[in-house]
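Student: Dumping the structure here so I can ask a few things about it.
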Amino acid sequence: MCGIAGAVAVSTPELDLTTSVAAMTRVLRHRGPDDQGVWTDPSRRVALGHARLSIVDLGARAHQPMHSANGTWALTLNGEVYNFRLLAAELMAAGVALRSRSDTEVLVEALAHWGLKATLDRLQGMFAFAAYCKDTCQLHLVRDRAGIKPLYWTRHQGAVCFCSELKALRHLPGFAPRLNHAAIGHLLDYSYIPAPLTVFEDVHQLQPGTGLTIAPQGQPDKWRYWSGPVQAHRTGAAMTQETASAALTDILNKTMGQYLDADVEVGCFLSGGVDSALIAAIARQASGPRLKTFTIGFSEKSWDESADAARVAAHLGTDHRCLILTDDDVVPLVEGLGDTFDEPFADFSQLPTLALSRFASAEVKVCLAGDGGDELFGGYERYAWAPDYWAMVARLPDTAKPFAPRLFKTLSTMGVPIGPRLWDTPRWRHALLEEIRARFRSTAMPTTFAGFYDALRRTALDPVHRLGYDSLLHPGARAGSPLDAMQGFDFEHFLPDCNLTKVDRTSMSVGLEVRTPFLAEPVMDFASDLPPALRVARGQLRPVQRNALRRHLPDALVDRPKMGFGFPLDDWLRSGLRDWAEDLLSQTSLQTLPFLNAAQIRSLWSDHVAGRAAHRHSLWPVLMMLNWHRRWMT
């Protein structure tokens, strides 16, 4: 895991490419503190930079940028090629000599031997790389299938420049970015900025499964080599929960060795939930009792899962560590967010994720995590109730649809059964109806499921800005069931642009590599085969994963309610974070961004502090935007 940067001339460059790339690379040292390198071609037409976090082959032979033995390719790689040992064996059988044990060398020799397209067809891993072909004078930028690793690019002073994080671009001479209001609108409504947008005009993020080719004096040509695992043709319709669980276990057992392959110690995040527990169980089975697991807990018991995580760890027999956070700990975390996230980001689980990354990095350089399990196997609670709710709404006349939340709340109050599955549980029915009412209190109920799910995915429940923009996150008309539409949308947007962005920035800020076995290509292919009934079964979420976990844990630890990786933000905004938030939400601060609805925001803050309402969903994106703007734009 590393940081990469570079530039290639597309006209007569005004930039000194070597100096500029060296400056960008130095800024990324937190991503790769172990080694740095810059290579420039003799004509000074291209320069590649690399900041290395040494994980596999720790010696100088794995120094980057790296060149193929025949001299035709130069490569700078951020990430891991998990099947590099298999590819190495295939290359050596074809007569290719390898000089190191590095996955980077395997990748650059694969490019020289097979070419770019055939190499991508074989490649399994998390990666963002830049590969320069000296024969064609073309630079290729490529991002992994799921979007685990980031890659930004822009045109500047006669060159196309790229990097792993936006802060590197600030070290280009004359770089004067303009705010992208469409990106900021997405941030304030959804809590994240979707690729290909960035917070800056004319700066782009490469999308997952996508490449960009820059030819001499040519326009950048974007191309897609993978379109996602969800909604594939399913051959698994005949599988039962038992056979599917056995198949998933077998795939994870076969791939886990690749995810544990490192010349440094590998640990595991453990929340106590199904995803992380299953990864920890398979990893513990493969690596033995020396596996270290790491958990963050909270002094507020209603948010604390650390006791459950400890019980899971004890049953699995891992070497477990736990850190309990209080509101006194959160102020230093918040103060570091502006540097950790050099693009505004507002999923408030970024705070515990940052704390967990710092905690684990004190002992290991690599950790396994359960990201991707929710999107692939049906883990979000909305997957269970949203289709049922929409099925009821769809039977109403269009004129009555806007009143659906009020109607169903009235029926619930009268004790009228609302529907099957979770709706038959009064506690669930009340909580879900309250959530739906909150989301549609200022807008009409949509008349399509796509619009309904779009509204559910908006985290801000109040109008906090005056920006008009065309959303990139509307699910649109997707084939298949409502569950297909939800999972497809979440895998394409929510997973890479929110969850994986959060994990990458927090972990790499402390030089920690996080590996995600659920996003292994064989696991994603397997998940795409599962019919809806094996992803959500009679209101039960992720039945295939749960059954797989029962092979390792008792039912009491498997069937716990899902809590999610949250923390008591509402309370902390009224206590430990109050002064910090009050400063950012002052009238003077709000006026620095005229598109914010200052009066509305001040009203929300007043109600929140007084305890009359809980407005964290609407206020946190505003706070993160203001915090970022103060750090980077003033």
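The values are calculated or read from the model by the stated rules, or taken from the named source; none is laboratory data. All figures in this text were calculated on a predicted structure; none of them were measured in a lab. No Cβ is skipped: glycine too gets one built from the backbone with ideal geometry, and neighbour counts run over all protein chains shown. With ligands, DNA and RNA removed, areas are computed over all heavy atoms of the protein, side chains included. Shrake-Rupley method; radii C 1.70, N 1.55, O 1.52, S 1.80 Å.
Student: So which residues in the stretch 263-294 are open to solvent by less than 10 Å² (accessible area, probe 1.4 Å) and of a type outside the set (Gly, Ala, Ser)?
Tutor: Matches in the stretch 263-294: CYS268, LEU270, LEU278, ILE279, ILE282, LEU291, THR293, PHE294.
Student: Which residue is modelled with the highest pLDDT, if the candidates are limited to the stretch 518-564 and must be in a loop (DSSP other than H, G, I, E, B) and buried (at least 21 other Cβ atoms within 10 Å of the Cβ)?
Tutor: Of everything passing the filter in the stretch 518-564, ALA520 is modelled with the highest pLDDT.
Student: Does ALA310 fit the bill of being of a type in the set (A, V, I, L, M, F, W, C), more than 30 Å from LEU166 (Cα to Cα) and in contact with a Cys (Cβ under 7 Å, 6 or more places away or on another chain)?
Tutor: yes
Student: OK, next. Which ones in the stretch 317-358 are surrounded by fewer than 16 Cβ atoms within 10 Å (Cβ to Cβ) and aliphatic (A, V, I, L, M)?
Tutor: Those that are surrounded by fewer than 16 Cβ atoms within 10 Å (Cβ to Cβ) and aliphatic (A, V, I, L, M): ILE324, VAL331.
Student: Something else now. Kindly evaluate ARG290 against the criterion of being within 30 Å of GLY257 (Cα to Cα), without any contact (Cβ under 8 Å) to a residue 60 or more places away in the chain and assigned to a loop (DSSP other than H, G, I, E, B).
Tutor: When the stated conditions are applied, ARG290 passes them.
Student: Is there a residue being among the basic types (Lys, Arg) and more than 20 Å from ALA215 (Cβ to Cβ) anywhere in the stretch 39-49?
Tutor: Scanning the stretch 39-49 turns up no residue that is among the basic types (Lys, Arg) and more than 20 Å from ALA215 (Cβ to Cβ).
Student: So, one more: Would you call PRO594 modelled with pLDDT of 95 or more, over 21 Å from ASP327 (Cα atoms) and outside any helix (DSSP H, G or I)?
Tutor: yes
Student: Does at least one position in the stretch 358-380 carry a residue that is part of a loop (DSSP other than H, G, I, E, B) and modelled with pLDDT under 70?
Tutor: Scanning the stretch 358-380 turns up no residue that is part of a loop (DSSP other than H, G, I, E, B) and modelled with pLDDT under 70.
Student: Let me ask another. Do we find that LEU91 is assigned to a helix (DSSP H, G or I), under 24 Å from the mean Cα position of the chain (by Cα), surrounded by fewer than 21 Cβ atoms within 10 Å (Cβ to Cβ) and not β-branched (Val, Ile, Thr) in this structure?
Tutor: It is false that LEU91 is assigned to a helix (DSSP H, G or I), under 24 Å from the mean Cα position of the chain (by Cα), surrounded by fewer than 21 Cβ atoms within 10 Å (Cβ to Cβ) and not β-branched (Val, Ile, Thr).
Student: Picking from LEU260, LEU248, which residue would you name as being at pLDDT 95 or above and either open to solvent by less than 30 Å² (accessible area, probe 1.4 Å) or more than 29 Å from LEU530 (Cβ to Cβ) (or both)?
Tutor: So the residue among LEU260, LEU248 that is at pLDDT 95 or above and either open to solvent by less than 30 Å² (accessible area, probe 1.4 Å) or more than 29 Å from LEU530 (Cβ to Cβ) (or both) is LEU248.
Student: Still on this structure, please answer the following. Which members of the stretch 460-482 meet the condition of being under 23 Å from the mean Cα position of the chain (by Cα), closer than 16 Å to ASN597 by Cβ and modelled with pLDDT of 85 or more?
Tutor: ALA460
Student: Looking only at the stretch 18-46, count every residue that is outside any loop (DSSP other than H, G, I, E, B), open to solvent by less than 20 Å² (accessible area, probe 1.4 Å) and either modelled with pLDDT under 95 or small (Gly, Ala, Ser) (or both) and tell me the total.
Tutor: Total satisfying the criteria: 3.
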